[in-house]
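Take a look at the structure below.
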Amino acid sequence: MTRNVFATVLLVAVAGIMTACATAPNSPAEREELADRAVQTKEAFLANDPSLQELFDDAHAYAIFPSIGRGGAGVGGAYGRGVVYEGGELIGYCDVSQGTIGLQLGGQSFRQLVFFRNAEALDRFKYGDLELSAQATAVAATTGASTDVDYDHGVMIFTMTGGGLMYEASVGGQRFTYQAK
């Protein structure tokens, strides 16, 4: 099997495994734990950049991913679960999966916020019509970062590194799924 065929097969397998994961946690205790971690993640983002509060207040809705794990060695993948809020109320659960191919080695975890400017952007997210190239659209959450960015097609994404080390020059994208509460 050639290297390119092997990489493609591996990428498809990783994507299949990630899409087989349930969007919402199975038990009420796991759902509560995810919601608690989302609140802690929001607090961490705000501690890092207090100006994000304006986005939380003004956005139609937002999703919080407390932890997304990513790793790769030529072919990579990432997966994480999150919580979706509309009007400040928890309305459902979501997950994100990512497949990449290219020069990459290592693993890391990160947290992610996805802001939705309006109901149309949230609906695209809910119905699986939102796929993003995270490398091109995510903004590192640093002090004052939220003042330098704007919505792209009704969506704005911020990330915060959790840990690990990853060298990457790859092509890929993020795919989101949603499940109502």
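The values are calculated or read from the model by the stated rules, or taken from the named source; none is laboratory data. Just so it is clear, the model here is predicted, and its values are computed rather than measured. Note that we place each Cβ from the backbone using ideal geometry, even for glycine, and neighbour counts take in every protein chain shown. For accessibility, only protein heavy atoms count, side chains too; no ligands or nucleic acids. Shrake-Rupley method; radii C 1.70, N 1.55, O 1.52, S 1.80 Å.
Would you please list the contacts, defined by Cβ atoms under 9 Å and residues six or more apart or on different chains, that run from a residue in the range 74-91 that is within 30 Å of Gly106 (Cβ to Cβ) to a residue that is among the charged types (D, E, K, R) and open to solvent by less than 20 Å² (accessible area, probe 1.4 Å)?
Partner pairs satisfying both residue conditions: Tyr79/Asp95; Gly80/Asp95; Arg81/Asp95; Gly82/Asp95.
Within the range 25-43, track down each residue that is over 16 Å from Glu89 (Cβ atoms) and surrounded by 15 or more Cβ atoms within 10 Å (Cβ to Cβ).
Pro25, Arg37, Thr41
Would you pick out the residues in the range 25-51 that are more than 21 Å from Thr159 (Cβ to Cβ), part of a helix (DSSP H, G or I) and not acidic (Asp, Glu)?
Pro28, Ala29, Arg31
Take the residues of the range 51-86 that are under 11 Å from the mean Cα position of the chain (by Cα) and among the small types (Gly, Ala, Ser): which is nearest to Gln179 (Cα to Cα)?
Filtering the range 51-86 for residues that are under 11 Å from the mean Cα position of the chain (by Cα) and among the small types (Gly, Ala, Ser), the one nearest to Gln179 (Cα to Cα) comes out as Gly82.
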